[in-house]
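Notes to accompany the following structure.
The values are calculated or read from the model by the stated rules, or taken from the named source; none is laboratory data. The structure presented is a predicted model; accordingly, all values stated were derived computationally and were not measured. Glycine gets a Cβ as well: all are built from the backbone with ideal geometry, and neighbour counts include every protein chain shown.
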Amino acid sequence: MKNILYHSTRNNNDKLKASEAVLKGLADDGGLFVPEELPKLDISFDELKKLDYKGVAYEVMKLFLTDYTEEELKFCIEHAYDSKFDTEEIAPLVYADGAYYLELFHGKTIAFKDMALSILPYLMTTAARKNDLKEEIVILTATSGDTGKAALAGFADVPGTRIAVFYPKNGVSPVQEKQMVTQKGSNVKVIGITGNFDDAQTGVKKMFNDAALKAELKEKGFVFSSANSINIGRLVPQVVYYVYAYVTLLKNGKVTPEDSINVTVPTGNFGNILAAYYARNLGVPIAKLICASNTNRVLYDFFTTGTYDKTKELNLSDGKFDAERKFTLTGSPSMDILISSNLERLIYLSCGSDDKKDSSLMKDLNEKGSYTLDDNAKSFLKDFECGFADEIKTEDKIKKLYKDTGYIIDTHTAVAAAVYDDYKARTNDDTVTVIASTASPYKFAKTVMGAIDDANKSKDDFALIDELNRLSGVDIPQAIEDIRSAAVLHDTVCDKEDMVSEVKKFLNI
Ligand SMILES: *Cc1c(COP(=O)(O)O)cnc(C)c1O
């Protein structure tokens, strides 16, 4: 098997082993680690059809994480995808109204972040052992709501690690917040910031790039790493479920070996859809990758024009970036993001893996707030389709799908489903389509139930949970039962300028 090394999107020369990239999280130059080449499956789909989720996970992850031994990787997989998930299928496919919903929310915290964050702590502690790491690992995490809880659940009381999570104090759902602030564990810290997700992510990235801070930490016996999807250890486990979904469709006769599929993904930081792109490069016949945004449609504007602009919005009537781009809080808060980190990994590829070009575009983004791709890079993106759904459209989709089929989806999944409907109406493309279903509707009960019936809009999340149970017939997940009565253990709120001092306080340095 080919040994794959990793390097920064901004420097093709300094190469690291996979386990080293997992430990570091983000490159010192601010770039993201990418594999020096994207691997291909070395097993047939007929063989993959015989495997369960764990088996597929091994066949996919071994291609990316080549310095982990078979024994190490299988240990990580066995311990990650166990009874923490409420179904042995791990990622079931549910057909409703013309599309297959790939339910990625059957883990501990009922959002798709569990798919990777159940295994990341194992990958990271294994990497620490392999590399004789002396320091304690401090996981810094910025969250738009779901990563935080999934990372906390994964790293709580894991020896040799501590974890600090920063979330936008007024930018997450009540269930998301309650899940985080009730987190137990001797090594965990949850901090609300007076700012939005981009502020949290920028603050965390700044700490990663602060050489003086890192030196101080090292002296005290600590080293930073990341549980965000900037970490390649987050991305690789996410590739697995796209392979698994395709193989499941094949196995169940829903597609033939000659068919391609389309994939629609509700997108924020671009991690989940990038994983689909990596799966396509492995050999999964994915025709279109449909990127769905909510009202914060920076990615829609980008795929439509080739210009990424975090301050100006595309004016849909004149086609110019002459409207102010405002950050909007929506009912799909995990997609309320204007600085989409993982997009840099695609940009790098679109530039023909040219690290200089990538660096110069990212410099433009930092200094001017925008960058524009040249025609070559733009044509590289031709297999990505994009759309956006505002709040009304999203809620209409939840309601209509429920009325037509009885199936209830969460707000993020509904953004994707609405965008897919538009795509299908526009193109008449009837390729079998998988929609990434990224969270349980229980996590966003208020918006979901409000969409189904206006009368619910005045009720609170927790009252609506029982109502949702009655309508959907789906059992209330343990994650929800757990927080109903749990005590609040974290109440720190800080300004974004004070994130460093909060981390130091947490570490007692
Ligand atoms: C994080 C998240 C997303 C966005 O995923 P990205 O990988 O950031 O694009 C969508 N839906 C839910 C429920 C999420 O938690």
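A few points about this structure:
- Across the range 33-79, the number of residues qualifying as in contact with an Asp or Glu (Cβ under 9 Å, 6 or more places away or on another chain) and under 25 Å from LEU249 (Cα atoms) comes to 13.
- Qualifying residue in the range 255-263 (condition: in a helix (DSSP H, G or I) and charged (D, E, K, R)): no
- Checking each residue in the range 273-309 for being closer than 17 Å to LEU349 by Cβ and among the polar types (S, T, N, Q) picks out only ASN281.
- Residue, surrounded by the fewest Cβ atoms within 10 Å (Cβ to Cβ), within the range 300-326, restricted to residues that are in a helix (DSSP H, G or I) and not hydroxyl-bearing (Ser, Thr, Tyr): PHE303
- Test: GLY203 is surrounded by 21 or more Cβ atoms within 10 Å (Cβ to Cβ), in contact with a strand residue (DSSP E or B) (Cβ under 8 Å, 6 or more places away or on another chain) and either part of a helix (DSSP H, G or I) or β-branched (Val, Ile, Thr) (or both): yes
- Residues (more than 18 Å from GLY387 (Cβ to Cβ) and either within 12 Å of the ligand (Cβ to nearest atom) or in contact (Cβ under 8 Å) with a residue 40 or more places away in the chain (or both)) located in the range 281-308: ASN281, LEU282, GLY283, VAL284
- Test for LYS251: is it more than 16 Å from the ligand (Cβ to nearest atom), charged (D, E, K, R) and within 22 Å of GLU47 (Cα to Cα): yes
- Residue within the range 153-165 that is closer than 18 Å to ILE337 by Cβ and within 16 Å of the ligand (Cβ to nearest atom) present: yes
- The residues listed here are THR141, THR194, THR126; of these, the one that is touching a residue at least 60 places away in the same chain (Cβ under 8 Å), β-branched (Val, Ile, Thr) and farther than 29 Å from LEU329 by Cβ is THR126.
- Some residue of the range 485-496 being among the basic types (Lys, Arg) and surrounded by fewer than 16 Cβ atoms within 10 Å (Cβ to Cβ): no
- Restricting the first member to the range 326-354 and to residues that are over 23 Å from LYS312 (Cβ atoms), and the second to residues that are β-branched (Val, Ile, Thr) and away from the ligand (no atom under 11 Å from the Cβ), the beta-carbon pairs closer than 7 Å and six or more apart or on different chains are GLY331/THR394; GLY331/THR447; ARG345/THR9; ARG345/VAL34; TYR348/THR9; TYR348/VAL34.
- Unmet criterion (only one of (1) of a type outside the set (Asp, Glu); (2) modelled with pLDDT of 95 or more; (3) closer than 18 Å to GLY283 by Cα) for LYS2: (2)
- Residue list for the range 428-446, restricted to those being β-branched (Val, Ile, Thr) and more than 9 Å from the ligand (Cβ to nearest atom): THR431, VAL432, THR433, VAL434, ILE435
- Filter pass, GLU324 being of a type in the set (Asp, Glu) and more than 16 Å from the ligand (Cβ to nearest atom): yes
- Among (1) within 14 Å of the ligand (Cβ to nearest atom); (2) part of a helix (DSSP H, G or I); (3) among the small types (Gly, Ala, Ser) - the single one SER229 does not satisfy: (2)
- Scanning the range 28-50 for residues that are touching a residue at least 40 places away in the same chain (Cβ under 8 Å), in a loop (DSSP other than H, G, I, E, B) and within 28 Å of PRO285 (Cβ to Cβ) turns up LEU38, PRO39, LYS40, LEU41, ASP42, LYS49.
- Options LEU123, LEU93, LEU102, LEU65; residue that is farther than 28 Å from PRO159 by Cα and buried (at least 23 other Cβ atoms within 10 Å of the Cβ): LEU102
- Tallying residues that are assigned to a helix (DSSP H, G or I) and under 25 Å from ASP86 (Cα atoms) within the range 466-509 yields 14.
- When we screen THR109, THR87 for residues that are of a type in the set (Val, Ile, Thr) and surrounded by 19 or more Cβ atoms within 10 Å (Cβ to Cβ), the only hit is THR109.
- Candidate set from the range 84-106 (those that are in contact with a Leu (Cβ under 8 Å, 6 or more places away or on another chain) and small (Gly, Ala, Ser)); member that is nearest to TYR53 (Cα to Cα): ALA91
- LYS2 being without any contact (Cβ under 8 Å) to a residue 60 or more places away in the chain and surrounded by fewer than 18 Cβ atoms within 10 Å (Cβ to Cβ): no
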